[in-house]
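**Student:** Structure in structure tokens, see below.
The values are calculated or read from the model by the stated rules, or taken from the named source; none is laboratory data. Bear in mind that the values here come from a model prediction, so they are computed numbers and not experimental data. Cβ placement follows ideal geometry from the backbone for every residue including glycine, while neighbour counts extend to all protein chains displayed.
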Ligand code: C2E
Ligand code: MG
Ligand code: MG
């Protein structure tokens, strides 16, 4: 009896795995087509200077509107794109679109400094033509120093240190800045901060989720602020959802924030209205 139950379990497990594999394959082929047919789009979430409320810039976040007009969030397809290598065409599309958008805002006479943060994944950084791609995107759209910041996670840095470091220094000379995404979650040594050209750390939202109650958490954030400032880095808190969290972050000396308290990610055509009347600020780093 027990044996029969075991077999049934294996069968169910097999079915589930097969179902998942089919679903992934479906997403992969749909996504491949969607990249070619321009069914991806970017939303832009403002990054705000905490003391002044000024807009520093925006993070570009990719979305996928499939043929049934359903908008799929990146957590459901970016990991699959990373596994299948589709992240390369996807990442190139994001880079192009974000740079084109900055150029368009500029040409419409937006006086704001408006830098755009672009997320970069491991395979992109490892690709031999990555630096060239970034440079030609900057050149093709007539962008200037400081117009784009590339976001890299700590985990990504640990794995691709040698080649990645060269690419980062090369791009830094051409006016690109780098932010550490999901800072504080990577269990990594901080030594990479000594030799890589970062200008800001983006504090992972998990640090904020227990505020205001967690005193230990406040002490941790304060220590991170001090460490960042001692190294000449700015600190951007991600996932700021309440006025209370904002107040605490200000008191702890955090420089910038991003989160629903300020704004959800916006469609590109809403950005202009959003920043109207808001001051712009100097760039981080
Ligand atoms: P991320 O780079 O850390 O982006 C921040 C995520 O937090 C975004 O989720 C954003 O919508 C969400 N968020 C913003 N404010 C709040 C808040 O107050 N509370 C909470 N709970 N969440 C907030 P999204 O857009 O779903 O993106 C998820 C992740 O997907 C990103 O995390 C990034 O790792 C990845 N991703 C997004 N766009 C791209 C892209 O173009 N390329 C690559 N490689 N990855 C991307
Ligand atoms: Mg990011
Ligand atoms: Mg982040």
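**Student:** For the range 146-204, give me the residue count where each residue is under 16 Å from the mean Cα position of the chain (by Cα), surrounded by fewer than 21 Cβ atoms within 10 Å (Cβ to Cβ) and away from ligand 3 (no atom under 16 Å from the Cβ).
**Tutor:** 0
**Student:** Could we say that residue 233 is within 16 Å of ligand 3 (Cβ to nearest atom) and closer than 23 Å to residue 195 by Cβ here?
**Tutor:** yes
**Student:** Can you go through 107, 29 and tell me which one is without any contact (Cβ under 8 Å) to a residue 24 or more places away in the chain and closer than 18 Å to residue 272 by Cα?
**Tutor:** Only one candidate qualifies: 107.
**Student:** If you check residue 91 against the conditions, is it on the phi > 0 side of the Ramachandran plot and either in contact with a strand residue (DSSP E or B) (Cβ under 8 Å, 6 or more places away or on another chain) or surrounded by 11 or more Cβ atoms within 10 Å (Cβ to Cβ) (or both)?
**Tutor:** Spelling it out, it is not the case that residue 91 is on the phi > 0 side of the Ramachandran plot and either in contact with a strand residue (DSSP E or B) (Cβ under 8 Å, 6 or more places away or on another chain) or surrounded by 11 or more Cβ atoms within 10 Å (Cβ to Cβ) (or both).
**Student:** Can you pull out every residue in the range 141-164 that is within 18 Å of residue 118 (Cα to Cα), away from ligand 1 (no atom under 16 Å from the Cβ) and in contact with a helix residue (DSSP H, G or I) (Cβ under 7 Å, 6 or more places away or on another chain)?
**Tutor:** Those that are within 18 Å of residue 118 (Cα to Cα), away from ligand 1 (no atom under 16 Å from the Cβ) and in contact with a helix residue (DSSP H, G or I) (Cβ under 7 Å, 6 or more places away or on another chain): 141, 142, 143, 147.
**Student:** Before we move on, is residue 278 out of contact with any helix residue (DSSP H, G or I) (no Cβ under 9 Å at 6 or more places or on another chain), within 15 Å of residue 49 (Cβ to Cβ) and either in contact (Cβ under 8 Å) with a residue 24 or more places away in the chain or away from ligand 1 (no atom under 11 Å from the Cβ) (or both)?
**Tutor:** Yes; evaluated as a whole, the condition is true for this residue.
**Student:** Inside the range 246-282, can you point out the residues that are assigned to a strand (DSSP E or B) and closer than 20 Å to residue 181 by Cβ?
**Tutor:** Within the range 246-282, 256, 257, 258, 266 qualify.
Conditions (1) in a helix (DSSP H, G or I); (2) modelled with pLDDT of 95 or more, marked per residue:
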{"residue": "17", "(1), (2)": "yes, no"}
{"residue": "26", "(1), (2)": "yes, no"}
{"residue": "30", "(1), (2)": "yes, no"}
{"residue": "38", "(1), (2)": "no, no"}
{"residue": "46", "(1), (2)": "no, yes"}
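**Student:** Follow-up question, since we're still on this one. Here are 261, 229: which of them is more than 12 Å from ligand 1 (Cβ to nearest atom) and either at pLDDT 95 or above or under 22 Å from the mean Cα position of the chain (by Cα) (or both)?
**Tutor:** None of the other options fit; the residue is 229.
**Student:** In this structure, does residue 156 turn out to be within 16 Å of ligand 2 (Cβ to nearest atom), in a strand (DSSP E or B) and free of Cβ contacts under 8 Å to residues at least 40 places away in the same chain?
**Tutor:** No: the conditions fail for residue 156.
**Student:** Now, a different point. Take the residues in the range 170-205 that are in a loop (DSSP other than H, G, I, E, B) and closer than 20 Å to residue 241 by Cβ; name whichever of them is nearest to ligand 1 (Cβ to nearest atom).
**Tutor:** 204
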